[in-house]
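Let me begin by presenting the structure, written as structure tokens, before commenting on it.
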Amino acid sequence: MITFHSFLQAIRKQKHVGLDVLGMGLCSASFLSRIESGDRKAPYLLRECLMGRLGISGENFHEYLQPREYEAWRLRQEIISNFLCDETETAAGNIEDYGRLYGDDDTISRQFYLYVKAEIGGCIAGDPLSVRELYREAVLCSMGHLLEDFSQNIENALLSIQEYCVLVKYIANELDSCDSADKKTAGDNLKKLCRIMDKVEKDTSDSDMAAKIYAMAVSFYTKGIRRFFPEDGSYACEVKDRCFKAIAFLRDSQKTYFIKDLMEALSDNDCLNAEERALFNELSGYYEVIKSIYDDYNLPIQSRNAASVYALMESGAYAIGDILHTRRKMFGLSQKELCDNICTEKTLARMESGKCAVQDSNFRQLCDRLKLVPDYMHGEIVFDDLNTYEIYRRVKEADNGKNCDELKNNLTKLKDSLDMDIISNKQCWARALNNYRRENEEISDEEYCENVKKLLSLSVGNPDEIDASYVCFTEAEKMLLHNLALRTGRNKEKYINLIISELKREDADIRIMMYFRVNAFLLSYYASELGNAGRIEESDAISDRIIENGLRINSLMYISDNIYNKYWNATQIGRKTSDELKRCIAVSLFRNNRHDADFYLSNES
């Protein structure tokens, strides 16, 4: 079985990173060695930070947390949501609650606490000097070696996205705190921002991380130039190049972080040649459309409180007790049946209610009965090899793009790379194969649906018999249900309701934000089906929900899909306008998605 510690060790060795370098400022090499051997369990936030330092985005990972860790995770997500919704005073109360949850030795939790305190203080006081020490303390938590000698140590430092965020905001605050006449100190801080930008560009293979940090650093860099060196034209070309590069990262990751600042810096730049001026004019057209969508939802395109908090968003996490309870109920098992020969019914009841921690050995046995991966997952698969993840990414891209030749070539490679004894891996691979065979008309829709049901039966039984009152699906199972709903002539509504049932719960909007990639995808399909069924108001409401949440987290993913859904709904009731199609085209082109843009263009003509 692949576990987190075997995954960590494998990726670290593939990247040729030493224990001392990976753990610098976080933990000792000996402690990290014990984690990799399985002798010590790394706390959740340390796992996140270590993965981030190795360049593995946590966005698609999800794990099961013990009660105390889940309580802290949940409160962090509420604080992030407070910021995204410009609820500063609520965030101020929540961060103090969070400060009472972690121990003195929890370096990363303390860093989060100090950083958020500084962000809140900056928003309320508007005085960079008042929060200067908080930012510095936050950096010292895990990056004290950088403050000792920044120029010497930054080159070889490994940092997670959260650490990059803290570091950039600390430098930006130092810049803001400078006296206007202190050009030397200002210049030193601008050079530090440049070093971070160069490092991100060179070291980061994750486009999302590059977009988040590079755009942030460029924004503060351009503001510093305007404040301290407004008449010095020697900076103009570098500002121009940095801004265009930041926007390229944004387009690749379908994000809008700091785009307002970047466009303003380019508009004032006299260093653009004819080709660059043409590109800027093209980008300006896209920007105006994107800004108009923000305006429609009464949201500023650059929320004052959300300027950097997006970088603190974490991977998906679930409470162990909730998972055990809900999955058991979905399977129709009693507590006695689930815990037989593993633990007592009383112990299981306490686990499910969150009144006690769950021993790893018990949790693994319970997960085996519930057909779950007990340790961690990345999307639909479990892997411990970077090459496997790259093949998996190519398979998904080819599957989504209906590129049958590319899909066929990579399916064989993926099967050879994956541990096919893990149910979710087998489901993921076989689902893509099933899609390939249907796209090539090797099987009928009926055969396709039967194959999907067989794959679902490996873990959850017959989907026709699942009660939507208790639903707990893995991502692989959700995607299989989605495929089933797409192709079936029967029970489509039931399958859709199963997929989106957990998104109707009390904390749904927070969960949509935190798992936007998969949940927005599933909800977009739900909105489309509601429109097809003539339930226009409900369909529009779901699309509005996706668009608003996407805009709050600065993501353009699925925005054009849902604008188009609303456009299609409007045509059904005689309110068709071509402006919405033009917006879909502009957003798609900004995202470098020519396929979608061509689709919208064909509808416009």
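Values quoted throughout were computed directly from the atomic coordinates according to the rules given, and no laboratory measurement underlies them. Small disclaimer: the values here were computed from a predicted structure and weren't measured. Positions of Cβ are generated from backbone atoms using ideal geometry, with glycine treated the same way; all protein chains shown enter the neighbour counts.
Please work out the C-alpha center-to-center distance from region 455-518 to region 180-240 and express it in whole Å. The two parts, judged by their Cα centres, are 44 Å apart.
With a/c under 1.5 counting as rounded, go ahead and sort region 58-312 into rounded, prolate or oblate using the C-alpha gyration tensor (a ≥ b ≥ c being the square roots of the eigenvalues; past the cut-off, prolate if a/b is larger than b/c, else oblate). Prolate.
Can you tell me how region 507-605 classifies by the Cα gyration tensor, rounded, prolate or oblate, using a/c under 1.5 as the rounded cut? Can you show the working numbers first?
Details: a/c = 2.15, a/b = 1.19, b/c = 1.81.
Taking the square roots of the gyration eigenvalues as a ≥ b ≥ c, region 507-605 is oblate.
Converting the Cα gyration tensor eigenvalues of region 79-223 into ellipsoid dimensions via √(5λ) gives semi-axes, longest first, of 24, 19, 15 Å. The phi torsions of region 218-225, fed into the Karplus equation with coefficients 6.51, -1.76 and 1.60 and a -60° offset, translate into couplings of 5, 4, 5, 5, 5, 5, x, 4 Hz, rounded to whole numbers, with Gly and Pro shown as x. Couplings for region 466-483, taken from phi via the Karplus curve 6.51 cos²θ - 1.76 cosθ + 1.60 with θ = phi - 60°, read 7, 8, 5, 5, 10, 10, 8, 10, 6, 5, 4, 5, 4, 5, 5, 5, 4, 4 Hz in order; Gly and Pro are left as x. Ordering of 10-22, 491-503, 392-404, 425-437 by packing is 425-437, 491-503, 392-404, 10-22, highest average first (other Cβ atoms within 10 Å, averaged per residue).
The residues packed around residue 371, meaning those with a beta-carbon under 10 Å from its beta-carbon, carry a net charge of 0 if Lys and Arg are +1 and Asp and Glu are -1. A cut-off of 5 Å between modelled amide H atoms, ignoring neighbours fewer than 5 places along the same chain, links residue 319 with 65.
Electrostatic bookkeeping for residue 100 treats Lys and Arg as +1 and Asp and Glu as -1; over the other residues with beta carbon under 13 Å from its beta carbon, the sum is -3. With the convex hull drawn over the C-alpha atoms of region 1-83, the volume per residue is 115 Å³.
Give, to the nearest whole percent, the P(r) tail of region 1-42 beyond 15 angstrom, counting all Cα pairs. Looking at region 1-42, the distances longer than 15 Å represent 36 percent of pairs. In the chain, a dipole from Cβ-located charges (positive for Lys and Arg, negative for Asp and Glu) runs towards its positive end, and of 595, 159, 463 it is 463 whose Cα lies farthest in that direction. The phi-based Karplus calculation (6.51 cos²θ - 1.76 cosθ + 1.60; θ = phi - 60°) puts the 3J(HN,Hα) values of region 368-379 at 4, 6, 9, 6, 10, 7, x, 9, 7, 9, 10, x Hz, whole numbers, x for Gly and Pro. The charge dipole of the chain, taken about its Cα centre with unit charges on the Cβ of Lys, Arg, Asp and Glu (plus for the first two, minus for the last two), comes to roughly 740 debye. I'd like the antiparallel share, as a percent to the nearest 5, of DSSP beta bridges with both residues in the chain. Bridges in the chain that DSSP calls antiparallel: roughly 55 percent. Here the dipole of region 507-605 is about 200 debye; that uses its Cα centre as origin and unit charges on the Cβ of Lys and Arg (positive) and Asp and Glu (negative). When the convex hull of its Cα atoms is viewed from all sides, region 331-370 shows a mean projected area of 2.6 nm².
Considering only Cα-Cα distances, which of the following residue pairs are longer than 22 Å: 184/223; 202/415; 346/478; 494/576; 13/408; 13/212?
Exceeds cut-off: 202/415; 346/478; 494/576; 13/408; 13/212.
Over the chain, the pair-distance histogram of Cα-Cα distances with 20 Å bins from zero comes to 18, 53, 27, 2 percent, rounded to whole numbers.
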